[in-house]
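One structure is given below, encoded as structure tokens.
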Amino acid sequence: MSFVAGGLQDLSVSRLRTSVSWGVPVPDDPEHTMYVWFEALTNYITAIGFGNEERERAVGFEKFWPALHLVGKDILRFHAVYWPAFLLAAGVEQPRAIVAHGMWLDPAGKKMSKTLGNTIELDVLNRHFPIDAIRYFCLREMVFGQDGRFGYEALIDRTNSDLASGLGNLSSRTLTMIARYCDGRVPSGFISEDKLLLAKRAGLETEETAISGFLEHARDQFLQHLEAFAFSKALESAWLVVARVDKMISDAKPWDLAKDENQKQTLNAVLYRAAETLRWLCVLLFPAMPTATTEIWSQLGLGSSADTPTPARIDPAKLKWGGLSEGTVIGEVKPLFPRIDKSKTMKEINEQGQEPGAGGRSDEQSSTADVQRPAAAGSASASPAMPEVIERSAAGSGQHATEADAGAVGVASFIDITDFTKVDLRVGEVLTAERIPKADKLLLLTVDIGEEKPRQILAGIAQFYSPEQLLGRKIAVVANLKPRKLRGHESQGMLLAASVGEEGKPVIATFTEDVPNGARLK
């Protein structure tokens, strides 16, 4: 807008051949070539048939134009000023919209450039990471429309947590149990009246509509986010489904149900619901991960016939629960996303000097000023938006309860039991978790610590934990920390985490045994 307001001048659509020798020659003037942004932009319409009868028959200009452009903001002028002018001159309808996304930044927040040497090496990505993992990372980790940081370490973490331990694990465990307990055939999801009580005792919601209704709601949210170009939120809603079904399996324990003949229907219902959910996820996630979802589709036994619809051909808005037929023979179960050995992979990448911004900090390293020490992850003060900086000193001043790495340099000072009893530590269960808009490092948690109402806690751990990883997790909470308000939300406590490694990566303190919500730590 400012460029246009500054006054428009005539734009030459050619360049001297001595300046741009490789360009398309100007008709009747061999001394000039076409200006690259003129001939390149017209490909949007000529490639789909404008002025070309052969392409018109093969593709169809009327079918695809007017289009919607998704472009990088560094080429916005060419698309939002030059291109509309060319179309006006040609009498062609304008695009529906031009949406600009952000820049790719290195782990330190610097714009990637060949000059700085902090660009991404495509051969490194191809060598170490599945293409679907890269696609998923870019859509999930980078909020569309904003600048996004890219680093190999973050890519490994996201791949291992969301794909290997998330979607991949759900697919593998579901299909493996169908192969083991159901002779490799999709079981019935029906539970007869006389078996309902047994199912309830096993911890399964007997109403199938509970999971199908949840899935439909998540699907609707997913599609709404896609329409708004909120790809990160769309995938987040899909992973809430992954977490929900994972929890259903863990609660029902099919491996125990299989030992009890009376629980055969419960076992079948659990596995059917998980498999049918996978079918829905294949359709929803196909645009983000076409290879992985097609593989899951095949393993579900849905890709063997030539006339069987593929995930690409199914409208997610028309998905109906129960589309996976009982008795369908599943395919060979194969791992989708093997876990990546982080230390080994990063060593190989760094030895070749190919980590973006490799000359400076690693993906998970940052100064105190711009990260505010992840060790303070559980409190509102962990946010980078807070003006103060959490300092370290020999006396340990300013350290939070999560800074477990203090032990590496010895105890800075001693306290007596009365000091310790001032801190009210409680067991809490994470009920909900979501990201804070425009706050890359903050998660908003709702935690049950045994009180009448759940607590709301802000935690600066979003770079290391996804919301669905926290759902249902038992954590340690500082319950009597003075509330603080941040980004319009009040934080009513602090979760505890260890600070691991030189980069201070937070690892949430949890429990190996079942403990009731609200139990005191003492």
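Laid out as a table, the results:
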| quantity | calculated |
| --- | --- |
| Filter result (within 17 Å of ALA275 (Cβ to Cβ) and free of Cβ contacts under 8 Å to residues at least 40 places away in the same chain) within segment 181-204 | ASP183 |
| Contacts under 6 angstrom Cβ, first residue in segment 434-452 being touching a residue at least 12 places away in the same chain (Cβ under 8 Å) and over 21 Å from LYS474 (Cβ atoms), partner polar (S, T, N, Q) and surrounded by 15 or more Cβ atoms within 10 Å (Cβ to Cβ), 6 or more apart | LYS441/GLN463; LEU442/SER383 |
| Segment 313-342, residues that are more than 18 Å from ALA238 (Cβ to Cβ), within 22 Å of the chain's Cα centre (by Cα) and not hydrophobic (A, V, I, L, M, F, W, C) | PRO335, PRO338, ARG339, ASP341, LYS342 |
| Tabulated pairs, segment 21-32, first open to solvent by less than 90 Å² (accessible area, probe 1.4 Å), second of a type in the set (Gly, Ala, Ser) and at pLDDT 90 or above, C-beta under 7 angstrom, 6+ apart or interchain | VAL26/SER14; HIS32/SER14 |
| Some residue of segment 114-135 being open to solvent by less than 60 Å² (accessible area, probe 1.4 Å), touching a residue at least 60 places away in the same chain (Cβ under 8 Å) and under 20 Å from ALA439 (Cβ atoms) | no |
| Residues that are assigned to a loop (DSSP other than H, G, I, E, B) and of a type in the set (Val, Ile, Thr), drawn from segment 6-52 | VAL13, THR18, VAL20, VAL24, THR42, ILE48 |
| Pairs where the first residue, in segment 39-60, is open to solvent by 40 Å² or more (accessible area, probe 1.4 Å) and the second is part of a helix (DSSP H, G or I) and polar (S, T, N, Q), C-beta under 6 Å, 6+ apart | ASN52/THR46 |
| Test: residue in segment 91-108 that is out of contact with any Cys (no Cβ under 8 Å at 6 or more places or on another chain), open to solvent by 40 Å² or more (accessible area, probe 1.4 Å) and over 21 Å from VAL71 (Cα atoms) | yes |
| Top-ranked residue in segment 180-207 [being in a loop (DSSP other than H, G, I, E, B), open to solvent by 100 Å² or more (accessible area, probe 1.4 Å) and not aromatic (Phe, Trp, Tyr); ranked as modelled with the highest pLDDT] | ASP183 |
| Residues of segment 7-31 classified as farther than 19 Å from LEU41 by Cα and either among the β-branched types (Val, Ile, Thr) or touching a Cys at 6+ places or on another chain (Cβ under 8 Å) (or both), total | 1 |
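The values are calculated or read from the model by the stated rules, or taken from the named source; none is laboratory data. The structure displayed is predicted, hence computed values, not measured ones. Ideal geometry is used to build each Cβ from the backbone, glycine not excepted, and the neighbour counts take in all protein chains shown. Accessible surface areas use protein heavy atoms only, side chains included; no ligands, DNA or RNA. Shrake-Rupley method; radii C 1.70, N 1.55, O 1.52, S 1.80 Å.
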